[in-house]
Amino acid sequence: MNLIIQSNSPIDALHHPQLLALAHGSHITPIDACALRILDAPSSQRDQVGAYCAAHRLDYAFVEAGRALAGFGLVAMDMDSTLVTIECIDEIADFCGLKSEVAAITEASMRGEIRDFNESLTRRVALLKGLDATVLERVYQERMQLSPGAENMLKGVKAAGLKTLLVSGGFTFFTDRLKARLGLDFAHANTLEIVNGKLTGRVQGEIVNAEVKARTLTQTCARIGIAPAQAIAMGDGSNDLKMMAAAGLSIAFRAKPIVREAASVAFNFVGLDGLLRLF
C-alpha cells in the first residue's frame, strides 16, 4: 500500500523518520509541501500511524499502489457539512427562532442516535411551517459557503473524467443552485412544499434517506455505465453510511465518529481536495 500523509500546512521534515518507522514503509516521496507518500506501507500499521497523525493534526490514508483517480467514474457527495459548511435546515430554522431546537435534532440524527431519518426530517421540517419561502434565498446567498478545497476537488475530478453527483437529505432549492453554479452532472434531494409563498412544514414525495442515497448512487453508476466499485462517496453523517458502503472508496469529511470508523479514508483536517493527493 501507499500511505498518504496530508496537512493543512507544510509538514515538518522532523515527522519524516518517525512516520517512516511507524509505517514500516520503504521510503518517503514528497507530493508537495503539505503531503507525502510512504511506499510499501502495510495497512496493519493503521493503528500506530493513526494515533501519531491524530496527535499531530495530520490526515492519513492507505491507498493501493498504482490506483489512479481516472480509474473511477463518479464522485457522489453529500451536501450539508460536506460540500458546504452549513446544515441548511438549521439555518432556515434560525429565521423563525428555532435553530437550537432543530440543530439538536440534526446533530442527533447525523450521529446515528435517531435511527429513523424520515422521522427526524419530518419533525424538523414541521417546525418550519408558515415561514416565508424567501428565507431560502437568504440562506443560500448569506450563509452558504463551500467547504475548503471543494472547487479544487471538483476541478480535479472533472479533469480526470469523473462525473459528479450531489445527493442530499437536504433540499432541492439548494442542490439545484449548486448543480448549476458548480457544473455538477447530477443532483437529488428533498423538495420542500411551498404554498402561497409559505413553507407548509412538509416535504413532497419520497424522502431522501440513507437507503435512497445508496440507491441513487447505484442507479447513477448504472446510468453512466460503471460498477459501484468505481464510485467515490463523500459524507459526514450516519445517513451517508449506506451510500459510502456501496461505493468503492468512501471518504468521511469532518465527520461524526460513526462515519469516520466506517469510511475508507477520513479527512479531519485537510480540505475536500485532499482526495486529489491520494492518487
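If neighbour count is taken as other Cβ atoms inside 10 Å, put Arg254, Arg177 in order from fewest to most.
Values: Arg254 19, Arg177 16.
Ranking Arg254, Arg177 by Cβ neighbours within 10 Å, fewest first, gives Arg177, Arg254.
Could you compute the net charge surrounding Ala70? Neighbours are other residues with a C-beta less than 13 Å from the C-beta of Ala70; K and R count +1, D and E count -1.
Details: positive: Arg67, Lys158, Lys163; negative: none.
Cβ neighbours under 13 Å give a net charge of +3.
May I ask what percent, to the nearest 5, of DSSP beta bridges between residues of the chain are antiparallel?
Details: 19 of 39 bridges.
Around 50 percent of the beta bridges assigned by DSSP in the chain are antiparallel ones.
With the contact rule set at Cα under 8 Å and sequence spacing of 6 or more, what percent relative contact order holds for the chain? Provide the component values of the computation, followed by the final result.
On the way: 556 pairs, mean separation 60.0, N = 279.
Relative contact order here is 22 percent.
So in segment 168-279, what percent of DSSP beta bridges are antiparallel if you round to the nearest 5?
Here the share of antiparallel DSSP bridges comes out near 35 percent.
Please list the three semi-axes, largest first and in whole Å, of the ellipsoid equivalent to segment 1-126, using sqrt of 5 times the eigenvalues of its alpha carbon gyration tensor. List each step's numbers first, then the result.
Details: eigenvalues 311, 54, 42 Å².
The equivalent ellipsoid of segment 1-126 has semi-axes of 39, 16, 14 Å.
Of the listed values (1) 36, 19, 16; (2) 26, 22, 20; (3) 30, 21, 19, grab the one calculated as semi-axes √(5λ) of the Cα gyration tensor in Å from the structure here.
Derived directly from the coordinates: (1).
What does the charge dipole of segment 1-66 about its Cα centre add up to, to the nearest 20 debye, if the Cβ of each Lys and Arg holds +1 and the Cβ of each Asp and Glu holds -1? Intermediate results must be reported in sequence, preceding the final value.
Numbers: 3 positive and 6 negative charges, 14 e Å.
Dipole size: approximately 60 debye.
What residues qualify as long-range amide H neighbours of Val203, i.e. H under 5 Å apart, gap of 5 or more or another chain, H built at 1.01 Å from N?
For Val203, whose amide H was placed from the backbone, the distant partners under 5 Å are Glu193.
List Ser250, Ser44 from most exposed to least, where exposure is judged by having the fewest other Cβ atoms within 10 Å.
Details: Ser250 23, Ser44 10.
So the residues, fewest neighbours to most, are Ser44, Ser250.
Quick check on segment 235-279: what does the Kirkwood estimate of hydrodynamic radius come out to from the alpha carbon pairs, in Å?
Working: mean 1/r = 0.0965 Å⁻¹.
Radius from the Kirkwood sum: 10.4 Å.
Post the alpha-carbon centroid distance, segment 129-205 to segment 215-265, in whole angstrom.
If you average the Cα positions of each part, the centres end up 19 Å apart.
Name the residue farthest towards the positive end of the dipole of the chain from the options Met144, Gly66, Cys96, assuming +1 on Cβ of Lys and Arg, -1 on Cβ of Asp and Glu, about the Cα centre.
Gly66
Tell me which residues come under 5 Å, amide H to amide H, from Leu74 once H is placed; ignore anything under 5 positions away on its chain.
Lys163, Ile232
Could you work out, for segment 1-66, what percent of all Cα-Cα pairs fall into each 10 Å distance bin, beginning at 0 Å and stopping at the bin that holds the largest distance?
Values per bin, smallest distances first: 24, 63, 13.
Any chance you could list the semi-axes, whole Å, largest first, of the equivalent ellipsoid that the Cα gyration tensor gives for segment 163-214, using √(5λ)?
Details: eigenvalues 89, 45, 6 Å².
Its equivalent ellipsoid spans semi-axes of 21, 15, 6 Å.
For a quick check, take a GNM of the chain with Cα springs below 10 Å and name the residue from Asp240, Asp78, Asp132 with the largest mean-square fluctuation.
The residue that fluctuates most here is Asp132.
Can you tell me the convex hull volume per residue for segment 138-279, based on C-alpha atoms, in Å³ to the nearest whole number? Provide the component values of the computation, followed by the final result.
Details: hull volume 17.5 nm³, N = 142.
Enclosed volume per residue, from the Cα hull, is 123 Å³.
With a 10 Å radius around each residue's Cβ, average the other Cβ atoms per peptide and rank 157-167, 30-40, highest first. Write down the numbers at each step before the final one.
Working: 157-167: 19.9, 30-40: 16.3.
Output ranking for 157-167, 30-40: 157-167, 30-40.
Please compute, over every Cα-Cα pair in segment 76-229, the percentage with a separation greater than 22 angstrom. Mind dumping the intermediate values first?
Details: 4840 of 11781 pairs.
That tail contains 41 percent of the Cα-Cα pairs.
With point charges of +1 on the Cβ of Lys and Arg and -1 on the Cβ of Asp and Glu, referenced to the Cα centre of segment 135-279, which listed residue (Val203, Phe174, Gln219) lies farthest in the positive direction of the dipole?
The Cα lying farthest towards the positive end belongs to Phe174.
Dipole of the chain, Cα-centred, from +1 at each Lys and Arg C-beta and -1 at each Asp and Glu C-beta, to the nearest 20 debye?
Values: 28 positive and 30 negative charges, 90 e Å.
So the magnitude is around 440 debye.
Any read-out appearing in this document is the output of simple, stated calculations on the displayed coordinates, not a laboratory observation. None of the values given here were measured: they were computed from a predicted structure. Counting neighbours? That spans all protein chains shown, and the Cβs are built from the backbone with ideal geometry, glycine included.
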